[in-house]
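The values are calculated or read from the model by the stated rules, or taken from the named source; none is laboratory data. These numbers come from a predicted model, not from an experiment. Neighbour counts are summed over all protein chains in view; Cβ atoms, including those assigned to glycine, are modelled from backbone coordinates with ideal geometry.
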Amino acid sequence: MTESLHFIRYQAAGTVGVLTLNLPDKLNGLTGPMQAEIRHILAHLKDQQQVRALIVTGAGRAFSAGADLADILAKGDGRSQAEETYRAMIEQSNPLILELRASPIPIVAAVNGIAAGAGASLALAADIVVAGKSAGFLMPFIPRLGIVPDLGMTWMLPRMLGEARALALLLLGERISAEQAAAWGMIWSCVEDADLMTVAHELATRLGAAPRHATAELKASLRNAQDHTLEEQLRYEADRQRQLIARDEFQEGIAAFMAKRVPVFP
């Protein structure tokens with residue numbers, strides 16, 4: 001698993017895997033090869049049973065500075081850069097975000113240092129985001145580059161912050177601290193830098209103890225709710241409960257509740 005990885009590190013201990021973006025000299029810029037390796041790990045985790053939660057973090061002093069602009073400049077003139085960037089987004093970056101969002105195992109982003117541009121999108125695509133106090137989020141697309149936010153940022157941020165805050169944050173391109181992001185509900189929590197990975201592991205361990213299918217079911221429920229009326233969503237929930245209550249996991253949960261013990265799920 002690890003011998004073919006050059007742009008990320010991946011380690012698994014027990015039920016928790018840790019994926020580390022590993023280009024610290026480039027502030028973990030999201031190169032094409034790095035994105036391909038992340039997708040390789042996600043595909044591996046989808047088809048196995050041992051690892052039940054994943055932590056994504058960055059090596060060095062940044063989570064990720066976003067797109068590798070030097071790589072884009074190397075593509076030639078503006079038209080060539082535009083076409084190559086479009087191709088890379090359609091073939092690599094957009095599928096990466098969709099695979100993160102659809103992962104059957106829960107994903108915790110442990111944001112150490114800056115998460116900028118596409119790096120912020122990557123972090124916010126996780127299920128739970130926890131950040132160190134020195135971390136921050138920066139969306140420089142509009143004021144510094146004259147391009148729209150991408151990798152799902154225009155979809156995710158208004159849902160997290162509301163349109164007014166999302167629009168202002170993206171228009172101004174200001175750095176938002178981890179503490180402010182937590183206060184606004186953009187991330188789960190802000191912790192001391194020294195405690196970041198400990199907290200991330202604790203969260204991942206708790207998430208991994210839940211029934212494996214439950215994460216995928218919850219994500220699907222929330223996605224459906226965005227397009228459903230309340231009446232439609234109530235029917236959807238009833239249909240899913242009809243399927244899920246018949247599963248062994250629910251029977252174990254009931255048995256554990258009645259016996260006043262912690263459930264042990266397969």
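If TYR86 satisfies all but one of (1) part of a helix (DSSP H, G or I); (2) under 23 Å from MET186 (Cα atoms), what's the number of the condition it fails?
(2)
May I ask you to verify whether LEU230 is of a type in the set (A, V, I, L, M), at pLDDT 95 or above and over 27 Å from GLY132 (Cβ atoms)?
On the way: of a type in the set (A, V, I, L, M): yes; at pLDDT 95 or above: yes; over 27 Å from GLY132 (Cβ atoms): yes.
For LEU230, the condition - of a type in the set (A, V, I, L, M), at pLDDT 95 or above and over 27 Å from GLY132 (Cβ atoms) - is met.
When you look at GLY208, is it modelled with pLDDT of 95 or more and of a type outside the set (S, T, N, Q), yes or no? Full working, then the answer.
Values: modelled with pLDDT of 95 or more: no; of a type outside the set (S, T, N, Q): yes.
For GLY208, the condition - modelled with pLDDT of 95 or more and of a type outside the set (S, T, N, Q) - is not met.
Would you point out which residue out of GLN92, GLN81, GLN35 is without any contact (Cβ under 8 Å) to a residue 12 or more places away in the chain, of a type outside the set (Lys, Arg), assigned to a helix (DSSP H, G or I) and surrounded by 14 or more Cβ atoms within 10 Å (Cβ to Cβ)? Break it down into steps so the answer makes sense when it comes.
Details: GLN92 fails: without any contact (Cβ under 8 Å) to a residue 12 or more places away in the chain; GLN35 fails: without any contact (Cβ under 8 Å) to a residue 12 or more places away in the chain.
Criteria check complete, one pass: GLN81.
Just need a number here: residues in the range 176-212 that are loosely packed, with under 14 Cβ neighbours inside 10 Å, assigned to a loop (DSSP other than H, G, I, E, B) and in contact with a strand residue (DSSP E or B) (Cβ under 9 Å, 6 or more places away or on another chain).
1
Would you check if MET156 is touching a residue at least 24 places away in the same chain (Cβ under 8 Å), within 30 Å of HIS213 (Cα to Cα), more than 13 Å from the chain's Cα centre (by Cα) and in the same structural domain as ASN22 (by TED's automatic domain parsing)? Walk me through how you get there before you give the answer.
Values: touching a residue at least 24 places away in the same chain (Cβ under 8 Å): yes; within 30 Å of HIS213 (Cα to Cα): yes; more than 13 Å from the chain's Cα centre (by Cα): no; in the same structural domain as ASN22 (by TED's automatic domain parsing): yes.
No, not satisfied.
Here are the criteria: (1) small (Gly, Ala, Ser); (2) farther than 24 Å from ILE107 by Cα; (3) outside any loop (DSSP other than H, G, I, E, B). Tell me which single one ALA246 does not satisfy.
(3)
Just to be sure I understand the filter: pairs with C-beta atoms under 6 Å, separated by 6 or more residues or on different chains, first member in the range 103-116 and closer than 15 Å to ASP47 by Cα, second member buried (at least 24 other Cβ atoms within 10 Å of the Cβ) and of a type in the set (D, E, K, R). Which pairs pass?
ILE105/ARG52
Residues checked against (1) in contact with a strand residue (DSSP E or B) (Cβ under 8 Å, 6 or more places away or on another chain); (2) surrounded by 18 or more Cβ atoms within 10 Å (Cβ to Cβ); (3) outside the structural domain of PRO149 (by TED's automatic domain parsing); (4) assigned to a strand (DSSP E or B):
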position: LEU45; (1), (2), (3), (4): yes, yes, no, no
position: GLY76; (1), (2), (3), (4): no, no, no, no
position: GLU99; (1), (2), (3), (4): no, no, no, no
position: ALA109; (1), (2), (3), (4): yes, yes, no, yes
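Collect the residues in the range 139-155 that are in a helix (DSSP H, G or I), at pLDDT 95 or above and among the aliphatic types (A, V, I, L, M), keeping them in residue-number order.
MET153
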